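First the structure, in the form of structure tokens, and then the observations on it.
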Amino acid sequence: QVRIVEPGGGLVQPGGSLRLSCVASVSIFRFAAMGWYRQAPGQQRDLVATFTSGGNTNYVDSVKGRITISRDNAKNTVYLQMNSLKPEDTAVYYCNAYNSVVEYWGQGTQVTVSS
């Protein structure tokens, strides 16, 4: 059984930084890609950033230059480093991992940007 766990999240002031972690119970090489999505209250779940097994990254325009996705293969972990945070970044952040057969989601972690 594959599990995705997302420690991290919390309350941060505007302009601050936060790093989210996504820890898989199996080698992340098993996945074609891993990524982060977020869902604000009353909104749909939207893509934030992805990291493919080939090492390619992709970001939604609204976070480019502020947010970086990276991975530590030895720790089976994908990170989301978020800088210059804005109130509009407030959402529940979900980690996603998929291959050609199946897709996995974490339970989500709350990020609140507020003074």
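The values are calculated or read from the model by the stated rules, or taken from the named source; none is laboratory data. Just so you know, these numbers come straight off a predicted model, no measurement behind them. Note that each Cβ is placed from the backbone with ideal geometry, even for glycine, and that neighbours are counted across all protein chains shown. Protein only, heavy atoms only, side chains kept; ligands, DNA and RNA dropped before computing areas. Shrake-Rupley method; radii C 1.70, N 1.55, O 1.52, S 1.80 Å.
Would you be able to tell me the number of residues in the stretch 79-105 that are modelled with pLDDT of 95 or more and among the β-branched types (Val, Ile, Thr)?
2
Against the condition modelled with pLDDT of 95 or more and out of contact with any Ser or Thr (no Cβ under 6 Å at 6 or more places or on another chain), how does GLN44 come out, does it pass? First the steps, then the outcome.
Working: modelled with pLDDT of 95 or more: yes; out of contact with any Ser or Thr (no Cβ under 6 Å at 6 or more places or on another chain): yes.
Answer is yes for this residue.
In this structure, is VAL60 in contact with a helix residue (DSSP H, G or I) (Cβ under 7 Å, 6 or more places away or on another chain) and closer than 24 Å to PRO14 by Cβ?
Spelling it out, it is not the case that VAL60 is in contact with a helix residue (DSSP H, G or I) (Cβ under 7 Å, 6 or more places away or on another chain) and closer than 24 Å to PRO14 by Cβ.
Look through VAL26, VAL111 and report the one residue that is assigned to a loop (DSSP other than H, G, I, E, B) and either at pLDDT 95 or above or open to solvent by less than 70 Å² (accessible area, probe 1.4 Å) (or both). Even if it seems obvious, please write down each step before you answer.
Values: VAL111 fails: assigned to a loop (DSSP other than H, G, I, E, B).
One residue alone meets the criteria, VAL26.
Among (1) under 15 Å from the mean Cα position of the chain (by Cα); (2) among the aliphatic types (A, V, I, L, M); (3) under 18 Å from ARG3 (Cβ atoms), there is one condition ALA49 misses while meeting the rest; what is its number?
It is condition (3) that ALA49 fails.
Residue by residue through the stretch 61-87, note down the ones that are outside any strand (DSSP E or B), touching a strand residue (DSSP E or B) at 6+ places or on another chain (Cβ under 8 Å) and open to solvent by 30 Å² or more (accessible area, probe 1.4 Å). I'd like the intermediate steps shown before the answer.
Start the filter on the stretch 61-87 by keeping residues that are outside any strand (DSSP E or B), which leaves 61-66, 73-76, 83-87.
With touching a strand residue (DSSP E or B) at 6+ places or on another chain (Cβ under 8 Å) added as a condition, the list becomes 63, 66, 75-76, 83, 85-87.
Matches in the stretch 61-87: LYS75, ASN76, ASN83, LYS86, PRO87.
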